[in-house]
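The block underneath contains the structure these notes are about, expressed in structure tokens.
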């Protein structure tokens, strides 16, 4: 599968025409068009493995509607995807964490000298805390206990802290194997951000793409974590919820209730979260409200972005990126992502903002 490049938008004039640009983007979504496609070329993308299932479905639909376009996507992980995009090895990247300020201050080989790189939300998903413990079907965890498990401070499943949260469960003496991502991962950054904000006395390291502690067992990619938890004994891990399968999934404490993930609860917390301050108007990075006490919200969530240029060094690539990402973020693409990966759809307001930026790409 491949991706193409985006151009970096200047959104000032576009915001006034949000409704028109949103309609244009959705109408341009290839799966919804009856007109014969005139698009040709190859798009190359890399990054988020959380987007993997959605990308497979997006690519299949886009290439069917645009038979002269090839889209390639390597789910190499968010960190690797960002590095590839920065170096010009891909037209765009998928990333479960937005670009850092120092990354934005650098150069992007795919972008024109007058272009910039921006973060566009395309995929919202809960992060599931998956587990495989014999005799345990349901599991409640608060953030402090979860943090201690992944730091290695809690080492057996019958630890008093876990037992206090699960008074009806029969917890074994089995040793805990906590599985984390061994590669740089936006999922790890979101998981760490949640723990650092909600249990700062326990999770003292700042969030980042590398797992911050020398504990537990590392596995590469979302599939690696899921495989390790599935095939291990007394295991626990974190992964995009679309990959949880038949594994046990813990409920996390939000306010005074234990909450399981749903697409609606993930969408709700994102909808109520502000954009990151101090960025270009065309950059739509979101600062997720991890501290919500509203039990209709699920704060252990990731927003996965398409990283694109506002202006491409090769305008033909910009047109391909514009068309493909418009499909991803449009009504049809979001429906496909929900079916293929259990993603939560972008809100109408956020989808309009993404569409407005995409209209300016060149």
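Just a few scattered comments:
- Filter result for residue 295 (touching a strand residue (DSSP E or B) at 6+ places or on another chain (Cβ under 7 Å), assigned to a loop (DSSP other than H, G, I, E, B), more than 19 Å from residue 346 (Cα to Cα) and touching a residue at least 24 places away in the same chain (Cβ under 8 Å)): yes
- The one condition in (1) crowded, with 20+ Cβ neighbours inside 10 Å; (2) more than 18 Å from residue 343 (Cβ to Cβ); (3) more than 19 Å from the chain's Cα centre (by Cα) that residue 89 fails to fulfil: (1)
- For the stretch 252-266, filtering for residues that are in contact (Cβ under 8 Å) with a residue 60 or more places away in the chain and within 18 Å of residue 291 (Cβ to Cβ) leaves 6.
- Checklist (1) within 30 Å of residue 165 (Cβ to Cβ); (2) in a helix (DSSP H, G or I); (3) without any contact (Cβ under 8 Å) to a residue 60 or more places away in the chain applied to residue 334, failing item: (1)
- Filtered residues of the stretch 214-234 (kept if under 19 Å from residue 48 (Cα atoms), out of contact with any helix residue (DSSP H, G or I) (no Cβ under 6 Å at 6 or more places or on another chain) and not in a helix (DSSP H, G or I)): 218, 220
- Residue in the stretch 312-320 that is assigned by TED's automatic domain parsing to the domain that holds residue 86, out of contact with any strand residue (DSSP E or B) (no Cβ under 7 Å at 6 or more places or on another chain), in a loop (DSSP other than H, G, I, E, B) and buried (at least 24 other Cβ atoms within 10 Å of the Cβ) present: no
- The requirement of being farther than 16 Å from residue 96 by Cβ and assigned by TED's automatic domain parsing to the domain that holds residue 147 is not satisfied by residue 189.
- Residue that is surrounded by the most Cβ atoms within 10 Å (Cβ to Cβ), among those in the stretch 325-357 that are closer than 19 Å to residue 283 by Cβ and touching a strand residue (DSSP E or B) at 6+ places or on another chain (Cβ under 7 Å): 357
- All positions within the stretch 64-83 that are closer than 28 Å to residue 38 by Cα and surrounded by fewer than 19 Cβ atoms within 10 Å (Cβ to Cβ): 64, 67, 68, 70, 72
- Just one of the listed residues (137, 148) is within 17 Å of residue 178 (Cβ to Cβ), touching a residue at least 12 places away in the same chain (Cβ under 8 Å) and surrounded by fewer than 24 Cβ atoms within 10 Å (Cβ to Cβ), and it is 148.
- Residue selected from the stretch 92-111 under the condition more than 18 Å from residue 281 (Cβ to Cβ) and surrounded by fewer than 19 Cβ atoms within 10 Å (Cβ to Cβ), by the criterion modelled with the highest pLDDT: 109
- Within the option set 211, 258, being part of a loop (DSSP other than H, G, I, E, B), surrounded by 15 or more Cβ atoms within 10 Å (Cβ to Cβ), touching a strand residue (DSSP E or B) at 6+ places or on another chain (Cβ under 9 Å) and outside the structural domain of residue 55 (by TED's automatic domain parsing) holds for one residue only, 211.
- Residue list for the stretch 221-238, filter: at pLDDT below 95 and either surrounded by fewer than 17 Cβ atoms within 10 Å (Cβ to Cβ) or under 19 Å from residue 141 (Cβ atoms) (or both): 223
The values are calculated or read from the model by the stated rules, or taken from the named source; none is laboratory data. The structure presented is a predicted model; accordingly, all values stated were derived computationally and were not measured. Note that each Cβ is placed from the backbone with ideal geometry, even for glycine, and that neighbours are counted across all protein chains shown.
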